[in-house]
Amino acid sequence: MTVVNMMETLAKEHLDRHWDHLGMPCSCITCRNDVLALVLNALPPRYVSTERGQMFVKAALDEQFRVDVLQALYRAARAVATRPSHPVAGQNG
Ligand SMILES: [Zn+2]
């Protein structure tokens, strides 16, 4: 049995779903992971240990934390877009 951070699962889903709307200058795996890391640092972890717990927590989080996750996602995207961890073609500095 593994312990899963449902916030991570949810954040990844939102990242995939909304990536095209974030206006990122670069879509490489590094930038995606940078955004995901910032999102997860901004959100409280929600660990569950069973599959049933995952489904329950996911349903609850989906409703309750949708706005929080989205806000964190857009904030993180802005931060990474402003200061990518690698040079991006067409950007100054
Ligand atoms: Zn990149």
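Coordinate-derived values only; no laboratory data. No experiment lies behind these values; they were computed from the predicted model shown. Note that we place each Cβ from the backbone using ideal geometry, even for glycine, and neighbour counts take in every protein chain shown.
Contact order, relative form, for the chain: 45 percent (alpha carbon pairs under 8 Å, 6 or more residues apart, mean separation divided by residue count).
Could you list the residues of the stretch 1-34 with an amide nitrogen less than 11 Å from a label point located 7 Å from the Cα of residue 55 in the Cα-to-C-beta direction? The answer is none, because no backbone nitrogen lies closer than 11 Å to the label point. At a temperature of 25 °C and a viscosity of 0.890 mPa s, determine how fast the chain diffuses translationally according to Stokes-Einstein, using the Kirkwood radius over alpha-carbon pairs as Rh; express D in µm²/s, rounded to the nearest whole number. Reported coefficient: 176 µm²/s.
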